[in-house]
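J.: Mind looking over this structure? Questions follow.
What follows draws every value from the coordinates through simple rules; no lab data is involved. Every value quoted in this text rests on a predicted model; they were computed, and no experiment measured them. Here the Cβ positions follow ideal geometry from the backbone for every residue, glycine too, while neighbour counts run over all protein chains shown.
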């Protein structure tokens, strides 16, 4: 037998407890005819009378008493389950846990977080930055609900990567460097010079290693750093050249540094959202924050194109 609508069960239980259709209708905030109709529909659904009605009283039948004995515990539990589901994640003790690459946090987090807090002002948010390797591992371990990262191979992790932007790689040079006036620079040309690299575990390191393997040409790496600002600082100081994604390159008006497109091969850092693919991990709040991040990325890069 199919289940009757919840409103019919609530109407029945209200009458069973109040022993009055009028009082039950008042408690539920509905008209007495509407209440009577819901009870009648439940009785028709079950094929039996649940109340004995007279001008003076309303009494439960044996079947009605049996139904009440079960519903008196089930309906409150159902209401609580629905309320807890509706309010899931609003407890300040259960925050939405976010991870970002430092570059993505600087560009996307302020806008995305502002939009999210306007929509869910009571949801606590904890955010941190890490390398791509650290972010993939944290989502896999259940330490983060969502992370914004560059792509890394992840077949052994219980995560999904949803790309939203391809970020091309550029050569980063001092403006007085012999290659700085070029429209494009090949990887082979860039690697003739001392190279400032990224630490292992970062998306930048993964991509630069792939590019070097493609041309069978290792870099003469003199320094490795976790953060793109440290790389830029070392290039500014004349310690070597580097390759960074467009999002992490120095601004166009930097007095000392310039960024020139790289080719042969042309490579990109693919930015995306990491989420767990384990059952029971996706939440409404994480899904909405993901939408806000993607919108933030679109606005940031549309603004960049307009400025250009």
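J.: For Cα pairs less than 8 Å apart in space and 6+ apart in sequence, what is the mean separation divided by the residue count of segment 102-169, i.e. the relative contact order in percent?
T.: RCO, segment 102-169: 27 percent.
J.: Comparing 55, 268, 85, which has the greatest mean-square fluctuation in the GNM of the chain with Cα pairs linked when under 10 Å apart?
T.: 55
J.: So, one more: In what sequence, highest mean first, do 134-140, 256-262, 43-49, 234-240 appear when ranked by Cβ atoms within 10 angstrom?
T.: Ranked from most to least packed, the peptides come out as 134-140, 256-262, 234-240, 43-49.
J.: Also: Calculate the all-directions average of the projected area of segment 102-235's alpha-carbon convex hull, and give it in nm².
T.: 10.1 nm²
J.: Can you give me the pair-distance distribution of the chain, C-alpha pairs, 10 Å bins, whole percents?
T.: Reading upward from the zero bin: 6, 21, 20, 14, 11, 9, 7, 7, 4, 1, 0.
J.: Next question, about the same structure. Looking at the chain as a GNM with Cα springs under 10 Å, which of 183, 160, 63 has the largest mean-square fluctuation?
T.: Residue with maximal mean-square fluctuation among 183, 160, 63: 63.
J.: Report, please, the projected area of segment 6-86 averaged over directions, based on the convex hull of its C-alpha atoms, in nm².
T.: Average projection, Cα convex hull of segment 6-86: 5.4 nm².
J.: Based on Cα positions only, what radius of gyration and what Dmax would you give for segment 164-308, in angstroms?
T.: 17.0, 55
J.: Here's another thing I want to ask about it. What is the Cα centroid distance between segment 215-293 and segment 11-72, reported in whole angstrom?
T.: 66 Å
J.: Once the Cα atoms of helix 284-307 and of the chain are each reduced to a long axis, what angle between those two axes, in degrees from 0 to 90 to the nearest 10, is obtained?
T.: Roughly 40 degrees between the two axes.
J.: Calculated from DSSP H runs of 4 or more alone, at -39500 (n - 2.57) each and per residue, what is the 222 nm mean residue ellipticity of the chain, nearest 500?
T.: Roughly -14500 deg cm²/dmol at 222 nm, from the helical runs in the chain.
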